[in-house]
Each structure stands twice: as structure tokens, then as C-alpha cells.
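In what follows, a structure is listed as C-alpha cells, so that the remarks can point back to it.
Laboratory data are not the source of any read-out in this text; all were calculated from the coordinates shown. This is a predicted model, so every value here is computed, not measured. Glycine gets a Cβ as well: all are built from the backbone with ideal geometry, and neighbour counts include every protein chain shown.
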Amino acid sequence: MDQGHLDTARDGARELATDRLMSFQQLKPSSALELRAYDIDHFGETERYAGASSMPLSVGATAIMRARLSLPTLTLSLVKTVPRIVRGYQLTDAAAVVVPMDHVTSARINGQPMGRSIVVLTGSSDCLVYEPEGRLMAVVYLSPPQREPWAQLGDGYRLVNPPSDVLASLRRLISVTLETAAHDPDFLNEPMSLTAVEQSLLSTMDSALRTSASGGPASSATDGYRRIVADMERLIRQDPTVWPRTPELAAQVGVSVRTLQSATQAICGMSPHRYSRVLRLWSVRKQLRIGPGRRSVKACAIAHGFWHLSEFAASYRAAFGELPSETLHRAMQETISSAMRSG
């Protein structure tokens with residue numbers, strides 16, 4: 001594929017009547033494109049660079065997928081996720097541009113509906129992203145150019161809403177770039193081709209930022225809700241063995257029951273009790289997998305306030321599709337296998 005093909009694809013995208021949604025079925029690993037599947041326990045390895053972490057809300061048979069292409073000064077990834085909550089981000093001298101590649105509109109960031117917005121994250125962003133559905137998104141990770149419109153971006157996040165034709169053009173360019181990396185990697189072995197692809201991406205993102213009706217930061221109400229949820233999380237983590245009822249939790253946070261319920265519903269999409277359960281179950285799973293000496297299932301459960309073990313096992317299985325004993329056994333087997341390989 002030559003530069004003329006890329007230019008044609010980019011210009012023609014503006015004339016598309018509808019978006020052609022991309023899928024991983026159109027991709028394959030190559031010398032230019034890394035393609036990997038992850039389970040929920042290992043996907044965090046891909047998020048550390050951005051100072052983010054995911055907590056799954058439900059787990060099905062579908063694996064989390066990531067395709068990754070490295071260009072001279074940026075990386076382009078395509079990610080297929082499961083329903084989750086994402087916390088973060090800490091991007092030192094960097095930015096992440098998240099482009100929706102599907103029609104999912106249910107996600108929220110700090111309580112703000114994301115719709116089909118592009119999300120631009122820069123510097124330190126105290127964000128909680130609620131994704132009740134699995135999503136397909138492209139993520140461009142780069143050092144922001146020292147020019148407009150990038151220079152006006154401060155730390156935090158911004159919802160960018162370009163005209164539909166500009167969004168379609170960016171999506172199409174991302175699709176073409178990744179498909180080229182999968183099926184014609186030799187094209188990207190040429191330095192001039194790599195530079196041309198990168199400049200096309202940067203130019204199209206510039207256009208999206210310039211023509212956007214910006215969503216801006218969260219309103220004072222949702223910003224206040226984010227602080228309430230953060231305070232609730234801190235209380236739960238201080239002593240997870242204690243599981244206060246919602247009125248007690250609200251009193252400790254210093255708000256009314258109704259306000260606490262409104263905050264967790266707006267930010268996390270669920271009640272305080274359910275969010276507390278999700279936090280505790282995920283913490284148990286992490287401890288079963290990587291905790292000191294991998295304590296027994298019973299010890300881990302009690303340490304997180306689950307005193308009725310049969311109910312705990314049922315909740316754990318509903319959340320993760322397996323019993324806690326199975327998680328512990330598999331983690332121990334992975335440790336043994338790793339030790340044998342390194343030995």
C-alpha cells in the first residue's frame with residue numbers, strides 16, 4: 001500500500017454516509033502490529049504506562065484484546081474491553097487520545113456521559129470511568145505537540161465532540177492504518193511511510209480538536225459526587241473487615257443517604273452497597289492471585305468482610321465465572337510454571 005492509497009482513504013472518509021465499524025477479525029499479528037489477548041488478571045499490564053487500573057464489572061467468555069502499532073513519536077492501539085470501571089490517569093508529560101470505534105454511548109467519566117465523544121487525557125487526571133458495556137476504542141499515546149490546539153490543554157480530561165465527518169475521517173484513518181500494519185507490514189518498514197502515517201494521524205487529530213464543541217470538565221455537582229465516592233472508597237479500604245450499612249457509611253462520609261446513593265449511581269452506575277461489594281470482591285481476587293503467601297480463601301474472604309462463606313463463594317462465582325478456590329489454584333500453578341521456566 002503506497003502513500004496515495006492512504007491519502008485516498010483519509011480524504012474519502014469524510015464522504016462516508018455511515019461509519020464502517022472495525023473489528024479484530026480484520027487484523028492479524030505481523031512484524032509491524034502486536035496483537036494480544038488478555039484475561040482480566042493480566043490486562044493491567046497494559047495500563048500501567050498510563051497510571052490507570054481496571055476493575056471488571058462482569059466477565060464473559062470474551063477476552064480483552066489489544067492491537068498495538070509503534071510509530072516514531074506515538075503509539076496507536078485498538079482495545080476491546082469488558083464491562084469495567086477504570087481509575088486513573090497519571091500521564092507524565094504525555095497525553096492519551098481515546099477514540100470510540102463502536103456505537104456504544106453508555107460510558108461515563110466522573111459522572112459525565114461520554115456518548116460518542118473523543119476523550120483527551122493529559123497530565124494528572126483524577127478520573128473514574130464507568131463502562132457498563134464492553135467497548136472498542138482506539139488509544140493514541142503521545143507527547144503533546146508544542147503547538148495549538150494541543151498547547152491550550154491543561155492537566156485533566158476533555159470531551160471532544162468534532163463534527164461527524166471529522167470523527168468518521170479519524171476512525172477510518174485509524175482503521176486503514178491498523179489494517180495496513182496487519183496485512184502490508186513492509187509498507188511500514190520504510191521510515192518515510194512511518195512518518196507519513198504519523199503525520200496523517202496528527203493532522204486529523206488536530207482537526208478534531210480545532211472543530212470540536214468541547215465538553216469541558218465535570219460540573220460542580222458531578223465533581224462533588226466524585227469526591228464523595230473517593231471518600232467512600234477510602235473508608236472501605238481503611239478497614240475492609242467492617243461492612244457498614246448505607247446509612248452508617250453516609251454518616252461517616254458526612255452526607256445524607258440520598259446524596260451518597262445519588263453519588264455512587266452517577267459516578268459508578270450502581271448503589272453504594274453494590275459498589276462496596278464489587279470493590280471487595282476484586283480486592284479478594286487480587287489477594288488470592290498475588291497476596292503474601294496467598295492466604296487461604298477463608299482468610300481472604302473474612303479480611304474483606306465476607307463472613308458467610310457460602311454466600312461469598314456464590315457472589316465470587318457470579319462476578320468472575322469461577323470459584324475462589326479455582327482462582328487460588330490457578331495462581332499457584334502459574335507460580336510453579338514460572339519458577340520451572342526460570343530455573
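Summary table
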read-out	value
Partners for residue 80 among lysines (Cα-Cα distance below 26 Å; same-chain residues under 8 apart left out)	28, 286
Of the trypsin sites (Lys or Arg not before Pro) in the range 121-220, those whose Cβ has at most 11 other Cβ within 10 Å and which sit in DSSP loop	147
Dipole magnitude (debye, nearest 20) for the chain, charges at Cβ of Lys, Arg, Asp, Glu	1420 debye
Translational diffusion of the range 220-342, µm² s⁻¹ [Kirkwood Rh, Cα pairs; Stokes-Einstein; 4 °C; 1.567 mPa s]	83 µm²/s
Values of log10 I(q)/I(0), in the order q = 0.17, 0.20, 0.25 Å⁻¹, for the range 233-281 under a Debye, Cα-only, solvent-free model	-0.43, -0.60, -0.96
Contact order normalised by residue count of the range 3-210, Cα under 8 Å, 6+ apart, percent	25 percent
Relative pair counts by distance (%), Cα atoms of the chain, 10 Å bins	5, 23, 30, 23, 14, 5, 0
Added length on full extension, which subtracts the Cα-Cα distance from 0.36 nm per residue, residue 317 to residue 42	97.1 nm
For the chain, with +1 on Lys and Arg beta carbons and -1 on Asp and Glu, the positive-most of 265, 310, 33 along the dipole	310
Backbone HN-Hα couplings from phi across the range 147-156 [Karplus 6.51/-1.76/1.60, Hz, Gly and Pro as x]	7, 6, x, 5, 4, 7, 7, x, 4, x
Options 70, 130, 120, ranked by Cα towards positive dipole end of the chain, top entry (Cβ charges)	130
Amide H contacts under 5 Å for residue 84, placed H, 5+ residues apart	57, 131, 133
The range 231-328: trypsin sites (Lys or Arg not before Pro) in DSSP coil with no more than 14 other Cβ atoms inside 10 Å	245
Assigned charges on the beta-carbon of Lys, Arg, Asp, Glu; the range 220-342 dipole about Cα centre (debye)	220 debye
Positive-end residue, the range 220-342 charge dipole about Cα centroid, Cβ charges, pick of 246, 320, 278	320
